[in-house]
Amino acid sequence: MLVMFASIAAQAQGYDDECRDMLRRVKETYAEKGEQEAQRKIELLCGGCSESICKEARAWLREQKNKSRNNNSYNEQTFMVKGVEFKMIKVEGGTFSMGGRYDDEKPVHSVTLSDYYIGETEVTQELWEAVMGSNPSYYKGNNQRPVESVSWYDCQEFIKKLNQLTGKEFRLPTEAEWEYAARGGKYSRGYKYSGSNNADEVAWYGSNSGRTTHSVKTKKANELGLYDMSGNVCEWCNDWYGDYQSYSQTNPTGPSKGEYRVLRGGSWNNYVGYTWVFVRRYFTPDGGGISIDDCGLRLAL
């Protein structure tokens, strides 16, 4: 009888240890890959299990979700223009290494940024039309697609009218602000695309787009809850295009003059390598007389 009880106790201890290991793995998955992957891990490892540790794991994940929702509501602002709603996400400032592997992304250099807000999504055709009264986009049929076929000057006119309607001071992000946000800010997990090392999870690009734009928020968000920072449309930045400097900088705004303006993020039309978080593109601010049906914008505040 004692042997049987000892065997049952040992088995129970084994289940307990296994469940505790499961809880540890769920927490690690949440830290490395986020809420959705942690939920999948619980479903895979726990299933319908009612052990106390499994219940603890589910309760722990619910608590993280609630914290995330509370933080998101605190760290975002919602605006309404003529019945069209859009969100700006707060990016807490910090220091990061800006740049990458190609010549015009070198040298990699240290940049420190103050807090700012950036658009949850690219500006949609719906929002552009609400502000401007027209839609210049080539790829229409769904007003939740990002606006495109807009020059840098077009974006400035849009922002001017948006500010008149809202009383705010929206603008284009600086190139440094754009890259820091695309990397996930202080929550960055070091992905080469914005939110993943798998481009298909986060980006519409040449090989998966069907050669067209797609509705915003149809791919996975990055660590800050920002969508489509890799792919869909390239996004105009405020900076003139110029060579990087090697010294550390605080809140850089780029060269004081130039011939080209910076674009970031890659598009539906690009090879996947152009959607990496550090890749730079540039056009003349008037669009250069060439096709800009993959050029749009994201707001900053």
Legend entry - Integer Hz, Karplus 6.51/-1.76/1.60 couplings in order for region 226-234, x for Gly and Pro: 9, 10, 6, 6, 10, x, 6, 10, 5
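Considering only protein heavy atoms and a 1.4 Å probe, what is the carbon-and-sulfur percentage of the accessible area of region 97-148?
Working: 930 of 2220 Å².
It is 42 percent, rounded to a whole number.
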Inset, instruction - About the Cα centre of region 242-286, how large is the charge dipole given +1 on each Lys and Arg Cβ and -1 on each Asp and Glu Cβ? Please answer in debye to the nearest 20. - result: 80
Legend entry - 3J(HN,Hα) from dihedral phi, region 154-170, Karplus parametrisation 6.51/-1.76/1.60, rounded to Hz, x for glycine, proline: 4, 5, 5, 5, 4, 5, 4, 6, 4, 5, 5, 6, 9, x, 9, 10, 5
Inset, instruction - May I ask for the percentage of alpha-carbon pairs in region 249-301 that lie more than 16 Å from each other? - result: 52
Inset, instruction - Enumerate the amide H contacts of E76 below 5 Å, restricted to partners 5 or more residues apart or on another chain; note that Pro and chain-start residues carry no placed amide H. - result: K90
Inset, instruction - Choose one of N135, T95, G34: the residue whose Cα lies farthest towards the positive end of the charge dipole of the chain (beta-carbon charges +1 Lys, Arg; -1 Asp, Glu; about the Cα centre). - result: G34
Inset, instruction - Starting from region 84-114, pick out the trypsin sites (Lys or Arg not before Pro) whose DSSP state is loop and whose Cβ has at most 13 other Cβ atoms within 10 Å. - result: R101
Inset, instruction - Find the percent of Cα-Cα distances in the chain that exceed 23 Å, and round it to a whole number. - result: 59
Inset, instruction - Per residue of region 88-93, in order, report the coupling 6.51 cos²θ - 1.76 cosθ + 1.60 (Karplus, θ = phi - 60°) as ³J(HN,Hα) in whole Hz, putting x for Gly and Pro. - result: 10, 9, 6, 10, 6, x
Inset, instruction - Would you work out the charge dipole size for the chain about its Cα centre, treating the Cβ of every Lys and Arg as +1 and the Cβ of every Asp and Glu as -1, and quote it to the nearest 20 debye? - result: 420
Legend entry - Simple Cβ-charge dipole of region 117-220, Lys/Arg +1 and Asp/Glu -1, about Cα centre, in debye nearest 20: 280
Inset, instruction - Whole number in Å², please: accessible area per residue of the chain, 1.4 Å probe, ligands, DNA and RNA not counted. - result: 49
Inset, instruction - With an 8 Å cut-off on Cα pairs and a minimum separation of 6 or more residues, tell me the relative contact order of region 174-257 in percent. - result: 34
Inset, instruction - For region 200-301, calculate the relative contact order in percent as a whole number, restricting contacts to Cα pairs under 8 Å that are 6 or more residues apart. - result: 31
Inset, instruction - Kindly state, as a whole number, the per residue volume in cubic angstrom of the convex hull around the alpha carbon atoms of region 210-301. - result: 133
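The values are calculated or read from the model by the stated rules, or taken from the named source; none is laboratory data. Just so you know, these numbers come straight off a predicted model, no measurement behind them. For neighbour counting, all protein chains shown are included, and Cβ atoms are generated from backbone atoms with ideal geometry for every residue, glycine included. Side chains are part of the model used for accessible areas, which takes the heavy atoms of the whole protein and leaves out ligands, DNA and RNA. Shrake-Rupley method; radii C 1.70, N 1.55, O 1.52, S 1.80 Å.
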